[in-house]
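Read-outs throughout are calculated quantities, based only on the coordinates presented, and are distinct from any laboratory measurement. These numbers come from a predicted model, not from an experiment. Because the Cβ atoms are built from the backbone with ideal geometry, glycine has one as well, and the counts that use them run over all protein chains shown.
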Amino acid sequence: MSEAPDGGRLPARSAIAAVTGRFTEHRPPGAPETGDGPLGWEGYGRSRARAAGRTGEEESVLYGTAEVDGRACVLAAFEFGFLGGSLGRRTGDRLEAAYALAEERRLPLVSLVATGGSRMQEGMIALIQLQRVAGASARLRAAGLPQIAVLRDPSTGGGWATLGAGADVVLAVPGAQIGFAGSRVRPADADPYAYTAEGQFEAGQVDAVVAPELLRPTLGRWLAALTVTGPARPAPVPGALSPAGLPETGWDAVEQARAPERPRAGAYLDAYFEDRLPLHGDRCGGTDPGMLCGVGIRDGRPVAYAAQCGTATRPAGYRTAARVIRLADRLGLPVLTLIDTPGAANDAEAERAGAGPAIAEVFAAVASARVPVTSLVIGEGGSGGALALAAPGNTHVTADSYFSVIAPELAAAILKRGPDEVRATAGQLRLRPQDLVDLGVARSVVGPAGEPAP
């Protein structure tokens, strides 16, 4: 989708045709730009005329309603052949109208971005179009409607910093140039990989790099996952995947939770969902492979999820989880969290990356969520790093899990006890699944079907 057969960039209408066979173009109010524009830039009118002649378009963006794999949306596509897909005031008119159309029709907005940034020939008039786009995006967000961006080649400047990075889901085509700084203005010694789709994915700024032939079905899946009908119902509690019985002692509970063969988050998510779409990265330059986040389909209904994988959770993992919970709350999706961590990462790098503030973000996201949150402890529940993902009043546990104020070894150290007292400390902490139910911390110990175990 990023490149045409002749080596040029794919025209907007070809990009649209690649993702939908049903597109109805709309026209914004107002006349096209005339003359040499708001600055009287000599030759600007002739440049626009040549661009229109080459592309057949009046401006660098076209928009309208569409169906992608049977899912209705508003689609906006950039025409890079029209002055590098740059944003001028008439581009702003069209983008603002596209957002307004999505809000009016209660439809998701899909943007096929390919732009070099703001239009030099319109100066500050071009630059302030970013404020218009940001305002329109904020209104659509407040209306509870999703935004999906597909980053084509290139996606730079204000187009990346508004429609692209501001979307709820960010997809990119392989090899696309992506970055706030375009190729002509970035430092000469800059690492070129950082400005690619793949580099931005590694940095947690892009959710997925999608091959052109998979864009249509991928967009269809995302539109299905982000489309909500009716009030959010609580996500059902997942069934336990392990045959383990209830532990006799606190230390038995710890050993069961730490067993290498115990089912992990990936197995639970695969068993729970019919389809799963990951959301990747914290949008602050970080990723954590120990936190799986995204939206899945269960019994035909979307559920957002954040799942710890048994490792010490890093700040980027918490920020990604908070991002997903906030998105679910805005769109009206129920949330499922799976808890499994010995605790938050506590090395110097984690502290520099803001471990405390990141955990606070998750606590706040869960506490303020208007949608129901369901939590299941599937392994280790280590201290506040685990509790941050737990839903107050709706947390359940498996038989091979524990939840503790801190790991028993660390509790013993804090209490100035020797290594030979760790097992006894585990018992005193009352961290077994059945203890957690008795204490009112957990609602139930779940069985194979998600029901309370006998």
Item to check | Dipole in debye (nearest 20) - the stretch 12-225, about Cα centre, beta carbon charges: Lys, Arg +1; Asp, Glu -1 | outcome: 400 debye
Checklist entry - If we restrict to alpha carbons, what Rg and Dmax does the stretch 250-438 come to, in Å? => result 16.2, 53
Next on the checklist: For the chain, I need the span (max minus min coordinate) of the C-alpha atoms along each principal axis, in Å, sorted largest to smallest.
Outcome noted: 84, 47, 37
Checklist entry - Given q = 0.10, 0.13 Å⁻¹, what are the Debye log10 I(q)/I(0) values for the stretch 12-225, with equal point scatterers placed on the Cα positions and solvent ignored? => result -0.40, -0.68
Item to check | Anisotropy class of the stretch 339-408 from Cα gyration tensor, a/c 1.5 cut | outcome: oblate
Next on the checklist: How would the stretch 41-128 be classified by its alpha-carbon gyration tensor: rounded, prolate or oblate, with rounded meaning a/c under 1.5 and the a/b versus b/c comparison settling the rest?
Outcome noted: prolate
Checklist entry - Once you put a point 7 Å from the Cα of residue 248 and another 7 Å from the Cα of residue 143, both along the Cβ direction, what distance in nm separates them? => result 6.4 nm
Next on the checklist: With a cut-off of 8 Å between alpha carbons and a minimum separation of six or more residues, what is the relative contact order of the stretch 177-282 in percent?
Outcome noted: 35 percent
Next on the checklist: Quick check on the stretch 391-453: take the gyration tensor over C-alpha atoms, sort the square-rooted eigenvalues as a ≥ b ≥ c, and tell me if it's rounded (a/c under 1.5), prolate or oblate.
Outcome noted: prolate
Checklist entry - Are there trypsin sites (Lys or Arg not before Pro) in the stretch 61-118 that DSSP puts in a loop and that have at most 13 other Cβ atoms within 10 Å, and which ones? => result 106
Item to check | Quotient of C-alpha Rg and 2.2 N^0.38 Å, computed over the stretch 291-403 | outcome: 0.99
Item to check | Student exercise, the chain dipole from Lys, Arg, Asp, Glu Cβ charges, in Debye to nearest 20 | outcome: 1180 debye
Checklist entry - If you keep only loop residues by DSSP, which trypsin sites (Lys or Arg not before Pro) in the stretch 329-393 have at most 10 other Cβ atoms within 10 Å of their Cβ? => result 370
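Between residue 409 and residue 267, what's the calculated FRET efficiency when r is the beta-carbon distance and R0 is 22 Å? Round to 0.05.
It comes to 0.25.
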Item to check | Mean residue ellipticity (222 nm) of the chain, computed from DSSP H runs ≥ 4 via -39,500 (n - 2.57), nearest 500 | outcome: -9500 deg cm²/dmol
Item to check | Per-peptide average of other Cβ atoms within 10 Å, ordering 62-68, 390-396 highest first | outcome: 62-68, 390-396
Checklist entry - How high is the relative contact order of the stretch 12-225, in percent, with contacts defined as C-alpha pairs under 8 Å that are six or more residues apart? => result 18 percent
Item to check | Sequence ranges 186-192, 12-18, ranked by mean other-Cβ count within 10 angstrom, highest first | outcome: 12-18, 186-192
Next on the checklist: At a threshold of 8 angstrom on Cα-Cα distance, excluding pairs fewer than six apart, so keeping six or more, what relative contact order does the chain reach in percent?
Outcome noted: 11 percent
Item to check | P(r) histogram, all alpha-carbon pairs of the stretch 81-176 included - 10 Å bins from 0, percent | outcome: 18, 52, 28, 3
Checklist entry - What is the P(r) of the stretch 134-282, as percent of Cα-Cα pairs per 10 Å bin from 0? => result 9, 28, 26, 18, 13, 5, 0
Item to check | Ranked by how many other beta carbons lie within 10 Å on average, peptides 213-222, 27-36, 380-389 from highest | outcome: 380-389, 213-222, 27-36
Item to check | Listed residues 150, 344, 127: farthest to the positive end of the dipole of the chain (Cβ charges) | outcome: 127
